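Data block below; observations after.
Quick note: the coordinates plus some simple rules give every number you see, no bench work behind them. Everything numeric here is computed off the predicted structure, so don't read it as measured data. Reconstructed Cβ throughout: ideal geometry from the backbone, glycine too, with neighbour counts over all protein chains shown.
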Amino acid sequence: MRRFAGPNRQPTRVLTEKPGEQPGVVTRVEIRNEDGELIDGELDENEYFLGAEPMPVTIGQKIPTQLSSSPTFDYEPEFPDATYHDPAYTQDGEVYMQDGDIQYIDGDVDLHGPVLAPNPDMATCESCGEVGNYQPGEFCESCQHPGRVYDPRVEHIASFLAHPFKGFWARAEYVHLNINGQSAPALVTTSTTGTIREDAGVLGLSSTSILFGADELGDDERSGGRFEIGRYFGNSGLGLSASILFADDVDQNFSGDSVAYGILARPFVDVSPGGLGNDAELVAFPGELVGNIDVRSSTSFHAGDVLLRGMLISQPDRELEGLFGYSYIRLDDDISIHDFKRVIGGGGGLAVNTTLDETDRFATDNNFHGAAFGVRGRTCFGPWSLATTMKLGLGVTSSTLTASGSTTTSVPITGGTDVSTRNTGLLVQDTNAGSRDHDEFAVAPEIRLVLNRRFNRDWSFSVGYHFLYLSRVLRAGEQIDPLLNLTALDPGGLQGYEAPQRSAFYNDLTAQAITIGLLGEF
């Protein structure tokens with residue numbers, strides 16, 4: 001690279017084109033002084049001139065249309081009072097050279113730059129012609145002239161600045177996604193009219209119906225998107241890409257009250273010493289309790305990767321790439337059960353107009369971080385192409401399980417209301433409440449099949465299938481333990497079996513999608 005500065009005004013570089021033949025192609029570079037006289041002849045072939053913005057220039061280089069439309073570019077020099085002198089710069093008759101770079105120093109002013117050759121065979125001395133692969137900071141051994149330095153970076157820099165989107169691709173896809181659901185025990189039940197209090201809402205009886213739970217939650221189809229960007233680095237066969245896959249949250253909810261259902265209950269299994277087994281906590285019962293219950297279940301999912309790509313086979317009709325990089329998958333579940341009831345009649349051991357407000361919440365956050373290995377192959381047949389990507393992620397799923405609960409009881413008393421609160425609900429007790437972290441080794445295979453139809457030089461339409469699997473995740477519904485030891489609420493404390501238990505039950509994640517998208521390759 002050469003940098004030039006005139007004594008009183010900016011020198012110019014003149015980029016001359018061949019009109020009508022090679023628009024936007026540099027055919028000559030001239031460096032002129034303030035009088036328009038040449039201070040350096042035409043730039044030699046394969047030399048680069050970095051003396052003006054916005055980019056390095058070499059003979060034959062293509063430049064953007066908006067730049068090629070104007071043949072002259074001014075250079076704002078860092079040294080308004082420096083003059084050009086071969087092979088260095090002078091100031092007041094003094095020549096400054098340091099470590100082989102041509103330099104002029106005045107305070108914090110610094111102007112320097114050798115000529116760079118993009119090919120080691122071209123690294124010859126400008127003065128005597130001796131061949132030598134000089135590096136920055138070196139002189140010719142014969143004449144001590146600054147060497148013509150080989151530095152491949154100059155070619156890549158010039159190419160990138162002149163063609164910032166060359167080798168770049170971008171893909172945008174609509175995703176129709178399905179994720180396997182989470183299991184959960186029966187959470188809300190009802191019974192037929194006339195069922196006695198002791199049997200109301202109890203599982204296993206013919207009079208009992210399940211209103212929510214005992215089924216897959218969050219397995220509904222959802223819409224989403226996938227975006228991918230990448231770039232190949234010249235003809236090196238190497239590239240870098242990044243992608244993100246996301247989808248709408250899936251919510252599955254239930255709301256019921258004593259108007260719609262005369263009997264509402266929350267079932268559990270009583271494992272207290274002498275317990276009854278299947279049992280239920282009533283939320284609504286004719287003549288005794290009125291109330292309502294709300295259940296909220298949500299699932300969110302997204303994934304992404306950053307990959308280094310290396311071309312293994314590149315032919316006109318087929319190509320094969322090796323992939324290596326980082327893979328990320330996130331899956332979050334949340335289930336909350338809230339009920340409110342008011343006593344309207346006797347029989348339950350509570351004073352009339354007593355109210356109970358109760359909440360249980362279970363949440364899991366799963367984050368997979370892993371190394372990704374894989375291959376991508378593409379076969380072309382006319383305007384059509386079929387691309388197959390197979391990738392394997394090996395890493396760790398970091399999971400957080402949170403169980404929390406609360407119960408607020410309001411009992412009418414003379415002159416007011418006695419309010420008490422405890423940090424437990426029905427299915428969340430001291431034995432399983434809290435937040436816990438778990439790390440588990442996991443594998444995450446992934447397969448993509450994409451059929452592309454090119455409709456012009458840069459753009460293609462695509463349809464595809466996407467499969468993703470993660471071997472270890474915690475699902476919120478599967479952490480709900482329906483076993484309860486009710487002695488935990490007694491003044492004397494827990495007696496017998498500790499339940500519900502603080503455990504982590506792992507499952508897997510399977511995601512499948514149909515994709516429709518656009519691909520731009522530049």
Got a sec? Charge dipole of the stretch 372-522, +1 on Cβ for Lys and Arg, -1 for Asp and Glu; which of H466, T388, T424 is way out at the positive end? T388
Using only the Cα atoms of the stretch 168-521, build the gyration tensor, take square roots of its eigenvalues as a ≥ b ≥ c, and label the shape rounded, prolate or oblate: rounded if a/c is under 1.5, else prolate if a/b is larger than b/c, else oblate. prolate
Which of W169, W384 has the fewest other C-beta atoms within 10 Å, and how do the rest follow up to the most? W384, W169
Among H369, T359, F212, the residue whose Cα sits farthest towards the positive end of the charge dipole of the stretch 168-521, when +1 is placed on the Cβ of each Lys and Arg and -1 on the Cβ of each Asp and Glu, is H369
For P482, net neighbour charge (Lys/Arg +1, Asp/Glu -1) across residues whose Cβ lies under 11 Å away: -2
Of A433, L308, V271, whose Cα points farthest to the positive end of the dipole of the stretch 168-521 (charges on the beta-carbon: +1 Lys, Arg; -1 Asp, Glu; origin at the Cα centre)? L308
Could you rank the peptides 297-307, 212-222 by their average count of other C-beta atoms within 10 Å per residue, with the highest value first? 297-307, 212-222
